[in-house]
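The values are calculated or read from the model by the stated rules, or taken from the named source; none is laboratory data. Keep in mind that this is a model prediction, so the values were computed, not measured. Here the Cβ positions follow ideal geometry from the backbone for every residue, glycine too, while neighbour counts run over all protein chains shown.
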Amino acid sequence: MQEINFHKTNECNEAITIIADERDEQYGNASHSYTLTFIDKEGREAQIGVDFQRGPIKEVGVNGVTNEALLAILIDRMDGFQSGAFACDDNREVLSCLLNAMRWLQERTKGRLERGVEGTNIV
């Protein structure tokens, strides 16, 4: 297990602990399960788990979320802020970067589909 600390920039983020499972060499050397722990508004410890796809879909089926799915949530959220009272240059830049990240992930998938290796461990 490893603690992730990149998010700790303010009081809210300082209060959120993120623990990742060990990186898995078999499936790209990435962590696949994350647990976020924080104290909810009633003062109780709350946890949210995020489990990513583990293994190639053609071999193990769909068993977790994708990077693209989580980016889609962040894009929607930032787009909402940017279209409302919290619009600002910083949010516009964040939204642009998120959209760019999504574009690159989609380009990667497109290339894998064209090579016939999408859903497998073949690079």
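Looking across segment 53-72 at every residue that is in contact (Cβ under 8 Å) with a residue 24 or more places away in the chain and not hydrophobic (A, V, I, L, M, F, W, C), the one that is surrounded by the most Cβ atoms within 10 Å (Cβ to Cβ) is identified as Gly55. Every test in (1) surrounded by 14 or more Cβ atoms within 10 Å (Cβ to Cβ); (2) in contact (Cβ under 8 Å) with a residue 24 or more places away in the chain; (3) of a type in the set (A, V, I, L, M) is passed by Val50 save one, and that test is (2).
What about Tyr27, is it surrounded by 15 or more Cβ atoms within 10 Å (Cβ to Cβ) and over 16 Å from the mean Cα position of the chain (by Cα)? Criteria met by Tyr27.
For beta carbons closer than 7 Å, sequence separation of 6+ or different chains, a first residue in segment 33-46 that is free of Cβ contacts under 8 Å to residues at least 40 places away in the same chain and a second that is part of a loop (DSSP other than H, G, I, E, B), the qualifying pairs are Ser33/Asp21; Leu36/Ile16; Phe38/Ala15; Phe38/Ile16; Ile39/Ala15; Ala46/Asp40. Return a yes/no flag: does segment 61-72 have any residue that is among the β-branched types (Val, Ile, Thr), more than 14 Å from the chain's Cα centre (by Cα) and within 22 Å of Thr120 (Cβ to Cβ). Yes, that holds for at least one residue. When the helices (runs of 4 or more DSSP H) confined to segment 7-123 are screened for residues that are of a type in the set (D, E, K, R) and modelled with pLDDT under 95, those reaching at least 1 such residues are found at 11-14, 57-60, 89-115.
Residue pairs whose Cβ atoms lie under 7 Å apart, separated by 6 or more positions or on different chains, with the first residue in segment 91-112 and of a type outside the set (Ser, Thr, Tyr) and the second modelled with pLDDT under 95, are Arg112/Glu118.
Could you please let me know if Ala20 is among the aliphatic types (A, V, I, L, M) and in the same structural domain as Met1 (by TED's automatic domain parsing)? Judged against the criteria, Ala20 is a match.
What are the residues in segment 6-21 that are surrounded by 11 or more Cβ atoms within 10 Å (Cβ to Cβ) and of a type outside the set (A, V, I, L, M), if any?
Correct list: His7, Lys8, Asn13, Glu14, Thr17, Asp21.
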